[in-house]
1. Measuring from a point 7 Å past the Cα of Glu148 along Cα-to-C-beta, which residues in the stretch 29-54 have an amide N at less than 17 Å?
2. Between the alpha-carbon centers of the stretch 14-40 and the stretch 112-163, tell me the distance in whole angstrom.
3. May I ask you to compute the full-extension gain from Gln7 to Phe22, defined as 0.36 nm times their residue separation minus their alpha-carbon distance, rounded to one decimal in nm?
4. Given axes a ≥ b ≥ c from the Cα gyration tensor, I'd like to know whether the stretch 116-181 is rounded (a/c under 1.5), prolate (a/b larger than b/c) or oblate.
5. Measure up Lys50/Lys119; Lys161/Lys203; Lys119/Lys168; Lys119/Lys203; Lys50/Lys108 against 21 Å on the Cα-Cα distance and list the ones that go over.
6. Tell me, what is the FRET efficiency for Val126 and Gln41 to the nearest 0.05, using R0 = 41 angstrom and their Cβ-Cβ distance as r?
7. Would you list Thr159, Thr171, Thr3, Thr197 from fewest to most Cβ contacts within 10 Å?
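Nothing in this text is a laboratory measurement; each read-out follows from the coordinates by a stated rule. Computed from a predicted model, the values in this text were never measured in an experiment. Cβ placement follows ideal geometry from the backbone for every residue including glycine, while neighbour counts extend to all protein chains displayed.
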Amino acid sequence: MLTERQQAILDFINEYAESNGFPPSVREIGRHFGIYPATVQDHISALERKGFLQKKRFQSRTLSIPASSRRPASQAASGREIPVVGRVAAGQPILATENIEQMIHLPKEWAPTGAFLLKVSGQSMVGAHILDGDYVLVHPQQTATNGEIVVALIGDEATVKRFYRTEKGVTLKAENPTFEPIEIEGNADGNDPGGTTFRLIGKVMGVLRVMNR
């Protein structure tokens, strides 16, 4: 009855409500999946029509999940469905698509609400034991400490590197001596006066590897 995206949104609402005691807002859902609020509203309307969501009028957090649509407590306690969102380069940046490719079940203590996985492509982070084909577990945040491994967006392309803030702007360093650092000059937000935009997507919390790939 549900599309893959509708099921993912319903699971996120369910998990968010379990963790926080109240449902996410439309903007929070949009940020989690990288989609516009209007698109979120379309999915919510579809979930309402199909009986998986209810709206409470005159309240700021309007979503609620009928008991018939909630997952059993034993299933909710056992782990969390983490979305795999596009790909990220560990070499030259490549486009990280906004589409969810699949869902991976992880223990809740491994990944807080909002975490997601990106598949790595390239060899620039081998010194940090992040290999081509690995999945990095990312916690969304817009700040980082020097030396932390982050996922950053440069223009429309995403990359995983070590983060360093400098007097001139931001430096993203590889963990492979054959790759040059990426220098972003600009203000504290990482916006290059020359036109390059930069922002942090999140901090890398861990690496998942399939040994027989």
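1. none
2. Rounded to whole Å, the Cα centres lie 22 Å apart.
3. Values: separation 15, 0.36 × 15 = 5.40 nm, distance 1.89 nm.
Stretched fully, the Gln7-Phe22 segment lengthens by 3.5 nm.
4. oblate
5. Where the Cα-Cα span goes over 21 Å, the pairs concerned are Lys50/Lys119; Lys119/Lys168; Lys50/Lys108.
6. In this case the efficiency is close to 0.45.
7. Working: Thr159 26, Thr171 17, Thr3 10, Thr197 14.
Result, fewest neighbours first: Thr3, Thr197, Thr171, Thr159.
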